[in-house]
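Presented below is the structure to which this report refers.
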Amino acid sequence: MNRAQLLHRLDTAWQDFIASYAGLPAVRLFEPSVVGDWSVKDIVAHVTTWEDEALTHLPLVLAGGAPPRYAVKYGGLDAFNALMWERKRGLSLDDALRQQDETHRQLIDYLQGVPEEQFTRETRFRRRLRLDTYSHYPLHAAMIRAWRERPS
């Protein structure tokens, strides 16, 4: 795999995530119970949080450092996700979508400047990128699609 192939994989998963809620009226994006108490808007904010985490920690990984462990810093991934949900649940739809677009654009811009060797083999960098992005998006796209198929 090279940068272009990885960016294609990331973009394909990203477009599928966006398509999972495309066409829904804005009011439906606030309906709870897509997964747990989360709405589509909450999932959008959640995915944005993890792209932001990638932007925060990928440079550290690239420099040979280690990001803080979520289990130590927050009490685990579930606790981190709950904390971020609490912080972002008051976002308007416009703000959640704007943050999503800005963060995703920043991530793609950042990846354009990363040395090619980070994409051509399995590295700590590529593993972190995969977990925070292109293997994460499909999980939530599937949740949204399953919710859309449930009877109202």
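Here, each number is a calculation from the coordinates, and none is a lab measurement. What you are looking at is a predicted structure, and each value in this text was computed from that prediction instead of being measured. In this analysis, Cβ positions are derived from the backbone assuming ideal geometry, glycine residues included, and neighbour counts consider all displayed protein chains.
In summary, the convex hull built on the alpha carbon positions of the chain has an orientation-averaged projected area of 9.1 nm².
Only the Cβ atoms of Lys and Arg (+1) and of Asp and Glu (-1) were treated as charged; on that basis the dipole of region 6-128 about its Cα centre amounts to roughly 360 debye.
Using the Cβ of H57 as centre and a radius below 14 Å, the other residues enclosed give a net charge of +3, where K and R count +1 and D and E count -1. Please give me the summed charge of the neighbours of A19: other residues whose Cβ is under 14 Å from its Cβ, Lys and Arg +1, Asp and Glu -1. Taking every other residue near A19 into account, the sum is 0. Along the chain, counting only GluC sites (Glu not before Pro) with a DSSP assignment other than H, G, I, E or B and at most 15 other Cβ atoms inside a 10 Å radius, the longest segment between sites is 1-115. Under the criterion of Cα pairs below 8 Å and six or more residues apart, the relative contact order for the chain equals 44 percent. For region 62-139, the list of trypsin sites (Lys or Arg not before Pro) that fall in a loop by DSSP and count at most 16 other C-beta atoms within 10 angstrom reads R69, R89, R121.
The distance linking region 106-131 with region 28-86 is 19 Å (Cα centroid to Cα centroid, whole angstrom).
Once the Cα atoms are used to define both axes, helix 137-149 deviates from the longest principal axis of the chain by about 10 degrees. When you filter the chymotrypsin sites (Phe, Trp or Tyr not before Pro) in region 1-37 for DSSP loop state and at most 16 other Cβ atoms inside 10 Å of their Cβ, nothing is left. Charged neighbours of W38, selected by a Cβ distance under 15 Å, balance to +3 (K, R count +1; D, E count -1).
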